[in-house]
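What follows is calculated from the coordinates using simple rules that are stated; it is not laboratory data. Computed from a predicted structure; not experimentally measured. Here Cβ is always computed from backbone atoms with ideal geometry, including for glycine, and neighbour counts include all displayed protein chains.
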Amino acid sequence: MNAQELLQEISDYCRQTGLAESTFGRRAVNDGKLASRLRHGGRITTETLDRIRSFMTTNRNSVARPAVISRGHEAPQAIAAARSLTAAAAAPLPIASSSRPSSPPPGSGSDPQRNFRFFDNRQKYLLFVNTCSEKWVVANRVSLELHNIHPRPPALRLFDAGVGDGTVLLRVMRAMHDRFPHTPFYAVGKEISLEDVRLAMQKMSDRFTEHPATVLVLTNLAYADAPWLAVKSLSAAASAVWHEVALTGTSAHQFEQQITNLVPFLNENWKAGVSPKTGNPVYERPVVLVVYREDHKFLLDPIIPKPGGTIANYDLVIASQPYRARASLDFKAKRVIAPLSRALGPGGRLIAIHSHGNDPGQEIIQRVWPGDNPFLHDRHQIMKAVKHELGPAGRDLNFNAYADNRSLFRYDMHTLPSEITQESSIGTSTLFAAWNAAIYVSQVEDHRVAEAAADGRYLEATAQVLQKHGGLWFFDESYVVSRRRE
Ligand SMILES: C[S@@+](CC[C@H](N)C(=O)[O-])C[C@H]1O[C@@H](n2cnc3c(N)ncnc32)[C@H](O)[C@@H]1O
């Protein structure tokens, strides 16, 4: 659904019921400026979308007449509102930085997964990745797997199942160069969010300079299609965009300029909306962007993918935070990890990482919401479900859970050495960053965050935990699915 469609729906509703646009917004979601904000490109959460929908469903027959009768002055306003709404902008509803899939039952407004996602979480993600060391630590953990892979000609094949801001991919590609300096790289990243694609691409010019034999592919395809760069749905395939960019020149500066020039192409094509059926983010049209250095085109020819799809056969698959913590076990296994496991080549390794809890971050959450625990499934449960899902296709796969001391790792919020002491009070921005990290990692739904923000206790809880531990840290859990070598 895009902004125009939603505004049209609201407009139709207002016309039928005689409500003014501002009254509608106030009654539905306590925001008289809702429609006007939407028209100007404002973001809403899926929770807000659910509330709008449920208001319209519940009040279709009952609200309008009494409202118009008791406030006669609203009738002309309603007409004006209807007119202005139909002239609304056609921009799609912007989605946040996440490409995480989930499978909430359609229309389930109370589903916690839907409520966490997505529109407003972009800022939380960006603050989190810049204030905590997680993406560095994840990249280090992933890079350890480079010791266990044995790429075969013509290239080392890497798949990143959710590029995000690109920090993990960038750092892993650096480590790949360090270990395999003369091996061509074929790196494919899946990402549905326009902003994340922009952020990730901005980081890549140095990679083409240090490691010229690189083919980098970004795509917004779904998990089941992205590793093969092939779209199963015929109707989607008909609107697919395949864009190849051969970078000219030899310096990072020149590459950066050409990558920056891609922004209008990205804006035009990397659009996403929300599936009315599932509430998941979905692309408007499938896009594959292929980037390599023109002066290496001849050498790279065997690995530059061609429209219509390609082999997967990955040596390394990164699945960093690839599903919502509260997603069902079935979803995590069937929709995410199983298809990614199928994409492994002989000797290939998939490393999956998700938040674990049982850390000071979760302590903050539990002080505010006692008993809250979003971390529903551990690595053992997920791998068991993946094995079951794959059946005979999983015969030549190994499922490596490892002991806790290898699987679990810690990352920290960056703080200055003297910032957190028992004696002094902690700066407000540090407290906000810590609170943001805690609610982000625990994927707390926006309406609960808003409730907590209504009183000051959440900052007290955050300060107490920071002081108790002298800082803030979190645990991630990792596991590896590997395919036997032939
Ligand atoms: C853009 S994706 C992740 C992309 C990339 N793989 C990464 O690790 O940054 C961001 C999604 O992953 C989830 N996510 C990222 N880091 C997380 C963390 N440390 N804990 C919980 N969820 C996280 C968020 O909910 C968000 O929907």
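Helix 3-17 and the longest principal axis of the Cα set of the chain meet at an angle near 20°. Considering only alpha-carbon pairs that sit under 8 angstrom and 6 or more positions apart, the relative contact order computed for the chain is 17 percent. Pairs K334/K384; K124/K332; K271/K297; K190/K387: which are spaced more than 21 Å apart, C-alpha to C-alpha? With Cα atoms farther than 21 Å apart: K124/K332; K271/K297; K190/K387. Computed from the Cβ-Cβ distance with R0 of 25 Å, the FRET efficiency linking E451 to W473 stands at 0.45.
Applying 1/(1 + (r/R0)^6) with R0 = 56 Å to the Cβ-Cβ distance of E486 and R27 gives a FRET efficiency near 0.30. Helix 121-131 and the longest principal axis of the C-alpha atoms of the chain enclose an angle of approximately 50°. Residue order for V481, V263, fewest other beta carbons within 10 angstrom first, comes to V263, V481. Name the residues of region 330-349 whose amide N is less than 19 Å from a point 7 angstrom out from the Cα of S275 along the C-beta direction? Within reach of a label on S275: 330-341.
Which of I337, V441, V163 sits farthest toward the positive end of the charge dipole of the chain, with +1 on the Cβ of Lys and Arg and -1 on the Cβ of Asp and Glu? Checking the options against the dipole of the chain, the answer is I337. Dipole magnitude for region 433-486: computed about the Cα centre from +1 point charges on Lys and Arg Cβ and -1 point charges on Asp and Glu Cβ, it is near 360 debye.
For the chain, a simple Cβ point-charge model (Lys and Arg +1, Asp and Glu -1, everything else neutral) yields a dipole of about 1100 debye relative to the Cα centre.
Enumerate by residue number the trypsin sites (Lys or Arg not before Pro) in region 361-408 meeting two conditions: DSSP loop (anything except H, G, I, E, B), and at most 16 other Cβ atoms within 10 Å of the site's Cβ.
Numbers: sites: R367, R379, K384, K387, R395, R406; in loops: R395.
Within region 361-408, the qualifying trypsin sites (Lys or Arg not before Pro) (loop, at most 16 other Cβ atoms within 10 Å) are R395.
What the Cβ-Cβ distance of E210 and L127 gives, at R0 = 22 Å and to the nearest 0.05, is a FRET efficiency of 0.15. Projecting the Cα atoms of M383, T248, L38 onto the charge dipole of the chain (Cβ charges, centred on the Cα centre) puts M383 farthest toward the positive pole. Between the helical axis of 457-469 and the longest alpha-carbon principal axis of the chain there is an angle of about 30 degrees.
With both labels modelled 7 Å from their Cα along Cα-to-Cβ, the S251 to H147 distance reads 3.9 nm. Applying both filters, DSSP loop and at most 15 other Cβ atoms within 10 Å, to the trypsin sites (Lys or Arg not before Pro) of region 226-322 gives K232, K277.
Taking each residue as 0.36 nm, the span from L416 to T58 lengthens on full extension beyond its C-alpha to C-alpha distance by 123.7 nm.
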